[in-house]
Amino acid sequence: QVRLVESGGGLVQSGGSLRLSCAASGRTVSRYAMGWFRQAPGKEREFIAVINWNGGTTNYADSVKGRFTISRDNAKNTVYLQMNSLKPEDTAVYYCARSLYYTAPADSVDAWGQGTLVTVAS
């Protein structure tokens, strides 16, 4: 059983940056795609970004493309989400997830983290 723990959330001003981390323990995630999702108050959870097993390929939601960067360090069993130029509409709980298929990250999640709250003040 893999355990995913997010960290790095907090309060930031509009235009600021945060870096989220997702540390995996229990089982390796190095052979899996890893994704980031978020859920804003009153909204459904949405896909943000995905990275393939070796970090060679990434994909992003249009809403964060050019502002967010997903990366991974398989030696540390950790995935990151660098968030720049943050906007108030980025306020949400951010979740990392292990996905079975890079091409369908939202439909193939088999493990979720507990989430970390990001609040962007205007």
Calculate, for region 1-88, the solvent-accessible area per residue in square angstrom, rolling a 1.4 angstrom probe over the heavy atoms of the protein chains.
52 Å²
Roughly how big is region 1-110's charge dipole about its Cα centre, with Cβ charges of +1 (Lys, Arg) and -1 (Asp, Glu), in debye to the nearest 20?
280 debye
For residue 37, what charge total do you get from the other residues with a beta carbon under 9 Å from its beta carbon, if Lys and Arg give +1 and Asp and Glu give -1?
+1
Karplus-derived HN-Hα couplings along region 97-106 (A = 6.51, B = -1.76, C = 1.60, θ = phi - 60°), whole Hz, x at Gly and Pro
8, 9, 10, 6, 10, 4, 6, 9, x, 6
Return the tail of the calculated pair distribution for the chain, meaning the percent of Cα-Cα pairs more than 20 Å apart.
34 percent
Using the basic label-point model (7 angstrom from Cα toward the beta carbon), what is the residue 63 to residue 85 distance in nanometres?
1.7 nm
Around residue 54, under 12 Å between beta carbons, what's the net of Lys plus Arg minus Asp minus Glu among the other residues?
+1
Can you check how the C-alpha radius of gyration of region 63-122 compares to 2.2 N^0.38 Å, as a plain ratio?
1.23
Protection-proxy order for peptides 74-86, 106-118, each taking the mean of Cβ atoms within 10 Å per residue, highest first
74-86, 106-118
Pairs of alpha-carbon atoms within less than 8 angstrom and 6+ residues apart define the contacts here; what relative contact order does region 37-122 have, in percent?
26 percent
Taking 41 Å as R0, compute the FRET efficiency from the Cβ-Cβ separation of residue 121 and residue 31 and round it to 0.05.
0.55
Total charge of the residues flanking residue 27 in space, meaning their Cβ is under 13 Å from its Cβ, with Lys and Arg +1 and Asp and Glu -1, is +2
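The values are calculated or read from the model by the stated rules, or taken from the named source; none is laboratory data. Treat the numbers as computed from the prediction; the structure is a model and nothing was measured. All Cβ positions, glycine included, derive from the backbone under ideal geometry; neighbour counts span all protein chains shown. Note: accessible area is taken over every heavy atom of the protein model, side chains too, but ligands, DNA and RNA are not part of it. Shrake-Rupley method; radii C 1.70, N 1.55, O 1.52, S 1.80 Å.
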